[in-house]
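Step one of this worksheet: look at the structure below.
The values are calculated or read from the model by the stated rules, or taken from the named source; none is laboratory data. From a predicted model like this one, the values you see are computed outputs, not experimental measurements. Cβ coordinates were reconstructed from backbone atoms using ideal geometry, including for glycine residues, and neighbour counts include every protein chain displayed.
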Amino acid sequence: MTHATVIGAGSIGVSVAAHLANRDVDVTILDRGYAAGETTGKAGGLIFSQLHEPSDVRAMDYSIEYFRSLSDDDNHFTFHQTGFLRVGTEAERPVFEHEVAMQQEAGADVRLVEPDEMRSIYPDLSLDGVTVGTYAPADGYADPHTFTTTLLADAEADGVDYRPGTSVTDIDPGDSPSVTTDEGTIETDVVAIAAGPWSHRVASLAGIDLPVKPYRAQALVTTPVDVDIGTVYDAHEEVYFRREQEGGLLVGDGTEEVESDPDDYSQRADFDFLAKMSDTIDHRLSAGEVGVQNAWAGLCTATPDGHPLVGRPPFEPGGASRPNGVVVAAGLQGHGFMRSPAVGRAVAALLCNDRQTYSDWDPTRFDAHPGDFEIEEMLKLEGKHHHLR
């Protein structure tokens, strides 16, 4: 393979392009808008290894090291290694204990923590009702837009041809693949679809029925607060918050587990979300009077089983035939930015070595079409380990 065409210039698409360019593959990357202009630019920027499945934990080992390395090498991008504390009640303890054991076995530096240690980690955090937590000191956060544009600049220096403002109108997925755009046709060896919530529509241009659904999530940034805090997830209330560099807090989740139209959804945060986040801040932090500086909604993309679709897809789930000239990198369940380095590596390994890095992510894993599947938000604990409930 000598040439790849990547559709989508968010963190996933740019990572795919950068990893392929590092293997001396010529890459063209297309986006109807501009880099990090949609889902990536609205992401919360959390980077953490405390995930629910071993394959995802192992993927984050690579991603965290990638973020750290880029941060060390480039003064435009910074990975803030603040640590990540999850807090909960006795209702969350069985899941916390199970996940910490699994995460440690998968190689993560994470431990179960009790209230005394939590107070030493974040003294300004109120532990009212909290009886248990988990903590990973290597976790943290970064700015998704800066990461993507920094990595794209590096990729362009390596020869990647970036074409913003280019709409894809057709894909030929056959033995001699091509991508038709409003600027002309590109002959290529493989088409990589990394279009986030638009991935289903883009894949349909190649005759592929991709089982993904976009769903809405919300976040806000407060006015500056005088508290010392890093990155926290309240697993009982299902809310995360972290420090922003300007002195405020980024607070979020507000997930709606219903399908949204990526071309027609409300990008404004709901009043109920703003009220709940305000109550959480008052409850967990003695920050005094706190205002809202900015609030928004973005889109995540779900799959039937919560695992990403990274690899060569069949024309339809459960089908035996699949196109030779298409790979997908979609359905990251709201964790796309932080897993983007691992996804880029996985796509490059598959295309250059024909090796599937994470079997749980293989798009051919479904035995049958899942039909109208339910959307499940992946940061929360509820429903993840049924045998513990």
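Observations on the structure shown:
- Within segment 228-248, considering residues that are part of a strand (DSSP E or B) and among the aliphatic types (A, V, I, L, M), the one surrounded by the most Cβ atoms within 10 Å (Cβ to Cβ): V232
- Checking D264 against (1) under 30 Å from S359 (Cβ atoms); (2) surrounded by fewer than 24 Cβ atoms within 10 Å (Cβ to Cβ); (3) charged (D, E, K, R); (4) within 24 Å of the chain's Cα centre (by Cα), the condition it does not meet: (1)
- Of everything in segment 286-303 that is out of contact with any Lys or Arg (no Cβ under 9 Å at 6 or more places or on another chain) and surrounded by 17 or more Cβ atoms within 10 Å (Cβ to Cβ), the residue that is farthest from A43 (Cα to Cα) is A287.
- Selected residue [touching a residue at least 60 places away in the same chain (Cβ under 8 Å) and either closer than 27 Å to Y135 by Cα or assigned to a helix (DSSP H, G or I) (or both)] from V251, V258, V290: V290
- Number of positions in segment 222-248 that are aliphatic (A, V, I, L, M) and modelled with pLDDT of 95 or more: 1
- Test result for R32, surrounded by fewer than 23 Cβ atoms within 10 Å (Cβ to Cβ), assigned to a helix (DSSP H, G or I) and not assigned by TED's automatic domain parsing to the domain that holds G254: no
- Residue under evaluation E156, criteria (1) under 29 Å from E376 (Cα atoms); (2) surrounded by 14 or more Cβ atoms within 10 Å (Cβ to Cβ), criterion not met: (1)
- Among the candidates G298, G306, residue that is in contact with a helix residue (DSSP H, G or I) (Cβ under 7 Å, 6 or more places away or on another chain), within 24 Å of E38 (Cβ to Cβ), touching a residue at least 40 places away in the same chain (Cβ under 8 Å) and not β-branched (V, I, T): G298
- Pairs where the first residue, in segment 58-71, is under 15 Å from G107 (Cβ atoms) and modelled with pLDDT of 95 or more and the second is charged (D, E, K, R) and assigned to a helix (DSSP H, G or I), C-beta under 8 Å, 6+ apart: A59/R339; M60/R339; Y62/R345; S63/R339
- Filter result for the condition that a residue is of a type outside the set (A, V, I, L, M, F, W, C), assigned to a loop (DSSP other than H, G, I, E, B) and outside the structural domain of S176 (by TED's automatic domain parsing), over E38, E65, E99, E90: E90
- Within segment 344-366, the residues that satisfy the criterion of being modelled with pLDDT under 95, charged (D, E, K, R) and either more than 23 Å from D209 (Cα to Cα) or in a loop (DSSP other than H, G, I, E, B) (or both) are D354, R355.
Quick grid of which residues meet (1) at pLDDT below 95; (2) more than 16 Å from the chain's Cα centre (by Cα):
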| residue | (1), (2) |
| --- | --- |
| M1 | yes, yes |
| G8 | no, no |
| V16 | no, no |
| N22 | no, yes |
| D26 | no, yes |
| Q81 | no, yes |
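- In segment 91-147, the residues that are within 26 Å of D72 (Cβ to Cβ) and of a type in the set (D, E): D109, D139, D143
- Exactly one residue out of F373, F337 is of a type outside the set (D, E) and over 25 Å from I47 (Cβ atoms), and it is F373.
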